[in-house]
Amino acid sequence: MRVRLFAGLREQAGAGSVDLELQEGATVDAVWPALALGDEPPGLLYALNRAYVERGEPLSADDEVAVIPPVSGGDFRLSEDPLSLDAVVAEVRDAEAGAIAMFVGTTRRKSRGREVLRLEYEAYEGMAEQVMADLGAELARRHEVCKVAIHHRVGLVAIGETSVAIAVSAPHRAAALAACREAIDELKVSVPLWKKEVYVGGEEWIGQGA
């Protein structure tokens with residue numbers, strides 16, 4: 001079976017994917033020991049054929065397993081090009097909306113006492129967009145909103161550039177603001193996106209909730 005690796009795990013293994021042969025009847029929790037990458041880091045998640053699964057899920061030979069480090073916090077679009085804030089807003093305009101709330105995340109120069117040179121984002125493409133779409137649907141279920149759009153950069157993001165833009169439209173501002181806040185909070189913990197912080201003197205993959 002094919003196992004995909006991301007962010008720091010990809011660098012540790014020296015490859016973005018590896019092929020494993022596991023015993024018949026193996027479950028997801030057999031994947032990490034078979035990778036022979038040392039002690040399993042805390043907080044790993046697993047996806048089977050682009051859907052999150054528990055570790056006891058059975059595997060078959062033609063499966064694709066993704067080993068997902070803690071997620072960094074992505075219409076639901078990934079882009080290697082600079083994000084257009086006008087485009088994000090345009091996607092949520094609606095005749096029933098009386099308010100549009102927006103969150104824009106940008107790359108700052110100082111972080112945890114270090115001088116940042118740039119950020120590098122990596123995503124499990126295909127799954128990331130689906131999880132963002134599921135998040136949008138859940139926000140619509142919990143709040144009286146019209147539309148939700150999430151655009152997230154991948155690749156290199158320079159100082160001052162936009163890394164993520166979220167827009168939510170709703171009949172009333174309270175719902176739009178609440179849903180927008182929930183969107184960015186949930187994005188950081190559930191969408192398979194990772195952020196590498198390149199700073200003066202080194203670099204580091206930033207973990208969940210960053």
Expressed as a whole percent, how much of the Cα-Cα distance distribution for the chain exceeds 24 Å?
46
One computes Rg over Rh for segment 13-126 from alpha-carbon atoms, with the Kirkwood Rh, and obtains 1.08
Quick one: net charge of residue 171's neighbours, Cβ under 11 Å, K/R +1, D/E -1?
-2
Solvent exposure of the chain as accessible area per residue, Å², 1.4 Å probe:
50
For segment 16-61, compute Rh as the Kirkwood radius over C-alpha pairs and then the Stokes-Einstein diffusion coefficient at 25 °C and 0.890 mPa s; write the answer in µm²/s, rounded to an integer.
214
Convex hull of segment 115-210 built on C-alpha atoms - directionally averaged projected area, nm²:
6.3
Calculate the length of the line joining the C-alpha centroid of segment 105-172 to that of segment 26-45, in whole Å.
28
Run the accessible area of segment 107-210 with a 1.4 Å probe and give the carbon-and-sulfur part as a rounded percent.
48
Tell me which GluC sites (Glu not before Pro) from segment 1-35 have a DSSP coil assignment and no more than 10 other beta carbons within 10 Å of their own.
21, 24
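The values are calculated or read from the model by the stated rules, or taken from the named source; none is laboratory data. Everything quoted here is computed from the prediction, not taken from an experiment. Counting neighbours? That spans all protein chains shown, and the Cβs are built from the backbone with ideal geometry, glycine included. What goes into the accessible areas is simple: the full protein's heavy atoms, side chains included, and nothing from ligands, DNA or RNA. Shrake-Rupley method; radii C 1.70, N 1.55, O 1.52, S 1.80 Å.
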